[in-house]
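The structure follows.
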Amino acid sequence: MSLSDQNNSSQSVIVDTSRSPYTRLHPAPIKAVVLEDTFWRHRRQLNREIMLPAQYGLCERTGRIANFRRAAGQLEGDFQGQYFNDSDVYKLLEAAAWALVGEDSVELKALVDRLIDVIAAAQEPDGYLNTFFTFERASQRWTNFDLHEMYCAGHLIQAAVAHYRSTGETRLLHVATRFADHICARFGPEEQGKQFGNDGHPEIEMALVELYRTTGQRKYLAQAQYLVANRGYGRVSDRPFGRFPTSYHQDHLPFHSLTRLEGHAVRAVYLNCGATDIAAERDEPELRIALDTMWDSMTSRQMYIHGGLGPRHQNEGFGPSDYELPNARAHAETCASVANAMWNWRLLLLTGQARYADVMELELYNSILSGVSLDGKGYFYQNPLSDDGHHRRQEWFGTACCPGNVSRLLSELPGYFYSTTDTGVWIHLYASNSAALTLPDNSTIELTQRTNYPWSGEISVETKTAGLYDLYLRLPGWCKAGWTVTVNQEAVGYELTDGNYLRIRREWRAHDVVQLNLPMPVERMESHPFVVENHKRVALMRGPVLYCVEGVDHPDTDVRLFEFSESDTFEPEYVSDMLNGVVVLRGTAQVRATEADWEERLYRSQESAAHANSARRAAVTAIPYYAWANREPGPMLVWLRTV
Ligand SMILES: [Zn+2]
């Protein structure tokens, strides 16, 4: 992740300035922000106390950690599980390392140290580190780029950067740089006497850029550049896993020629994260154009309303057609939503455009949050937009990429709230918190946010620091009209930037209070007509939160029979003892036919239907999409039928 943090406790590491030359905004370190609202504080506590210990236990039980002990010569037996399983341990470690920021948890620190011990012990003398390719498979190292060696290295590097920034300790960073050095020495331009190399699963690109930012070693940036520039020529492998076209791992076209998201969704978006990181460090107009073109394609033709990406199970990604967005069959992997939040965060820093924060927020409150159950004990791999009641969260998966991705996002979350420029502070996300943000001139601006977001759009920001500076407040894309902003309850002059931030520049006093009010009406959303499944259907949103109807709230009527007319309205209501406290939407719908009316038929003529109708009205309760499948199984719908 690229949450650049600052830490000066090590002599041996040249510490990143977090000032990438081609970005408009500088990220604020995770430790600068303390989240105080119940919504996120509760989830981050679940992450620390339930999710991370459970993931650790599962990594032990499934042999993922034993594989490292085996590679270190501490354990007999065979390698266990899949060839990419090291990455789950690294992701868990990254999440646990970020979770240490501001927390004095002996257990968590012990977990982190234990993992670093086994990882360090498994490293080869030449820096290589992958437990699948040890002993009997050592001769197969780097012979098949589809087998995720660089992907796993990327996750190791990200874990190491997180651990260094969180604790100031360099032990894991040392392991990661040795492996990165091994890769840099071996793979690169053939004219430099190196070997062609790339990875079937992008991920290492963004990790290498972050390693460059952390160590100041330009070779890591050059390596990331090499990997992006040398993709797209069909050399990564002829037919990935013997069955997919080269677009599966974005090897069908050079990066600057890409115009839409193609192939495996997580790979595509991780690659874009890396390319965006490179564009933040170097003047790369061709990369910028490709990134912009892909973002436009994604948001106008390829993304689900909950932020999910990748409609197809077959390739966990995209097909050749735009507007292919099936609801029940949606793959929409949790990891792809995490990846998209990460990509949009990078684009936001590059540009200062609120539309990227809008996508981050959409992912956060919808298709990422649905990825974990309310008790923190189950995860979704797929996030469909309708279901008959069979899709349930699981404790773990054979391919267990998603749990760790949700955890690391929750651990990093405070780092996504603010950034800075030379003249002030940018507020991207809203939740009650206290922040102390350091500007490039080393002055610090302290402020607090108080709000009941996402249930209310009333946000107050209190300045703790006096002085002349800018406050930029994001005007969310979902807020179309009626917003107001005051300072100390009086009208205030502001500028609306081209990126949709309200800029207030003034001589601030301590305890000035900015009040931003964003009206949150219930919005009935419709799809582009080419999304055929959503024809004559609407989805409900309020603020950033997408809603759905679920069977358990409607014991008398199957939710799939509801029909809504334009005059049907919904009222928000906060219910404290439901789903950990949510705003639900209450309304009514028409039910023209019961299941019995259909007499077990699949099809019928419309003429015969006229006789069979038993129209009535039914009360409807819509719940936040992220909270579905936490009670008794039953049908669920996001896109509701209209009359
Ligand atoms: Zn996943």
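Bear in mind these aren't lab numbers, they're just calculated from the coordinates by the rules spelled out. Every value quoted in this text rests on a predicted model; they were computed, and no experiment measured them. So basically every Cβ, Gly included, is an ideal-geometry build from the backbone, and we count neighbours across all protein chains shown.
Short version: what are the Cα gyration tensor semi-axes of region 274-355, square root of 5 times each eigenvalue, largest first, in whole Å?
25, 13, 11
Given H placed on each backbone N at 1.01 Å, which residues far from Val583 in sequence or on other chains put an amide H within less than 5 Å of it?
Val575
Over the Cα atoms of region 421-517, what radius of gyration and what Dmax do you get, in Å?
When restricted to the Cα atoms of region 421-517, Rg and Dmax are 12.7, 37 Å.
Amide H of Asp470 versus every other amide H placed in the peptide plane: which residues, excluding those fewer than 5 positions away on the same chain, fall under 5 Å?
Gly424, Val425
Can you compute 3J(HN,Hα) from phi for each residue in region 494-508, using the Karplus curve 6.51 cos²θ - 1.76 cosθ + 1.60 with θ = phi - 60°, rounded to whole Hz and x for Gly and Pro?
8, 10, 8, 6, 5, x, 6, 10, 7, 9, 10, 10, 6, 7, 7
Let me ask you something else. Given the options Ala596, Ile504, Leu111, identify the residue whose Cα lies farthest towards the positive end of the charge dipole of the chain (+1 on Cβ of Lys, Arg; -1 on Cβ of Asp, Glu).
Of the listed residues, the answer is Leu111.
Then there's this: Rounded to whole Å and sorted largest first, list the principal axis extents of the Cα atoms in region 92-221.
49, 35, 24
Taking R0 as 25 Å, what's the FRET efficiency between Arg586 and Ser565 from their Cβ-Cβ distance, rounded to 0.05?
That gives a FRET efficiency of 0.95.
If amide H atoms are built 1.01 Å from N in the plane of the peptide, which residues on other chains or at least 5 residues away come under 5 Å of the amide H of Glu446?
For Glu446, the qualifying residues are Leu437, Lys464, Thr465.
Once phi is turned into θ = phi - 60°, what whole-Hz ³J(HN,Hα) does the Karplus curve with 6.51, -1.76 and 1.60 give for every residue of region 200-216, x standing for Gly and Pro?
x, 10, x, 3, 5, 4, 5, 5, 5, 5, 5, 5, 4, 5, 7, 10, x
Across region 522-641, what fraction of all alpha-carbon pairs, as a whole percent, falls in each successive 5 Å bin from zero upward?
Calculated over all Cα pairs of region 522-641, the distribution is 2, 10, 20, 22, 20, 14, 7, 4, 1, 0 percent.
Using DSSP to call loops (not H, G, I, E or B), can you name the trypsin sites (Lys or Arg not before Pro) in region 404-489 whose Cβ has at most 14 other Cβ atoms within 10 angstrom?
Passing sites in region 404-489 are Lys480.
Here is a further query. Mean separation of Cα pairs under 8 Å and 6+ residues apart, divided by the residue count of region 3-416: what relative contact order is that in percent?
19
How much length would be gained if the chain were fully extended between Asp558 and Arg509, taking 0.36 nm per residue of separation minus their Cα-Cα distance, in nm to one decimal?
Answer, rounded to one decimal: 12.0 nm.
To continue, here is another question. If only Cα atoms are counted, what is the Rg of region 194-277, and what is its Dmax, in Å?
12.6, 41
Contact order normalised by length for region 117-243, with contacts defined as Cα pairs under 8 Å and 6 or more residues apart; what percent is it?
Relative contact order, region 117-243: 27 percent.
Sticking with the crude label model, points 7 Å out along Cα→Cβ, report the distance from Phe196 to Thr259 in nm, one decimal please.
2.6
Another one. Largest first and to the nearest Å, give the Cα extent of region 140-191 along each principal axis.
Dimensions of region 140-191 along the principal axes of its Cα atoms: 37, 24, 15 Å.
Now a separate question. Quick one, can you get me the convex hull of the C-alpha atoms of region 311-441 expressed as volume per residue in Å³?
Each residue corresponds to 136 Å³ of Cα convex hull volume.
How many nm is it between the label spots at Ser443 and Arg631, if each spot is 7 Å from the Cα in line with the beta carbon?
Between Ser443 and Arg631, the simple spin-label model gives 5.2 nm.
Expressed in nm to one decimal, what extension gain is obtained for the pair Phe530 and His174 from 0.36 nm per residue of sequence separation less their Cα-Cα distance?
Net length gain for the segment: 123.0 nm.
Hey, another quick one. Hey, with R₀ at 45 Å, roughly what FRET efficiency would Trp142 and Asp597 work out to, going by the Cβ-Cβ distance, to 0.05?
Using R0 = 45 Å, I get an efficiency of 0.10.
If you average 1/r over every pair of different alpha-carbon atoms in region 553-609 and take one over that average, what Kirkwood value in Å do you get?
About 14.0 Å, per the Kirkwood formula over Cα pairs.
For the chain, what does the helix formula give at 222 nm: sum of -39500 (n - 2.57) over DSSP H segments with n ≥ 4, over the residue count, nearest 500 deg cm²/dmol?
Taking each H run of at least 4 residues, the total per residue is -9500 deg cm²/dmol.
Once label points are set 7 Å from the Cα along Cα→Cβ at both Asn517 and Thr484, what is their separation, rounded to one decimal in nm?
0.3
Size of the dipole of the chain about the Cα centre, Lys and Arg at +1 and Asp and Glu at -1 on the beta carbon, nothing else charged, in debye to 20?
Taking the Cα centre of the chain as origin, the dipole is about 380 debye.
Moving to a separate point now. Loop-only check: which chymotrypsin sites (Phe, Trp or Tyr not before Pro) in region 463-524 are DSSP coil with at most 15 other Cβ within 10 angstrom?
Trp483
Can you list the HN-Hα couplings for region 354-371, worked out from phi with the Karplus curve (6.51, -1.76, 1.60; θ = phi - 60°), rounded to whole Hz and with x for Gly and Pro?
Calculated HN-Hα couplings, in order: 5, 4, 6, 5, 4, 5, 3, 5, 4, 4, 4, 8, 10, 7, 7, 5, 5, x Hz.
Quick one: go through region 538-578 and flag any residue whose amide nitrogen is under 15 Å from the point 7 Å out along the Cα-to-Cβ line of Arg604.
561
Please rank Trp295, Trp98, fewest neighbouring Cβ atoms within 10 Å first, as an exposure proxy.
Lowest to highest Cβ neighbour count: Trp295, Trp98.
Between Tyr323 and Arg218, take the C-beta separation as r, use R0 = 41 Å, and let me know the FRET efficiency to the nearest 0.05.
After rounding, the FRET efficiency stands at 0.45.
Next up: What's the longest bit of the chain with no exposed GluC sites (Glu not before Pro), using DSSP loop states and at most 11 other Cβ atoms within 10 Å as the test?
That gives 77-565 as the longest site-free run.
Considering Cα pairs under 8 angstrom that are at least six residues apart, work out the relative contact order of region 186-277 and quote it in whole percent.
Once normalised by length, the contact order is 30 percent.
Taking a quarter of the surface of the convex hull around the Cα atoms of the chain, what do you get in nm²?
29.5
Another one. Straight-line reach from Lys194: which lysines have Cα under 24 Å away, leaving out those fewer than 8 places along the same chain?
Lys219
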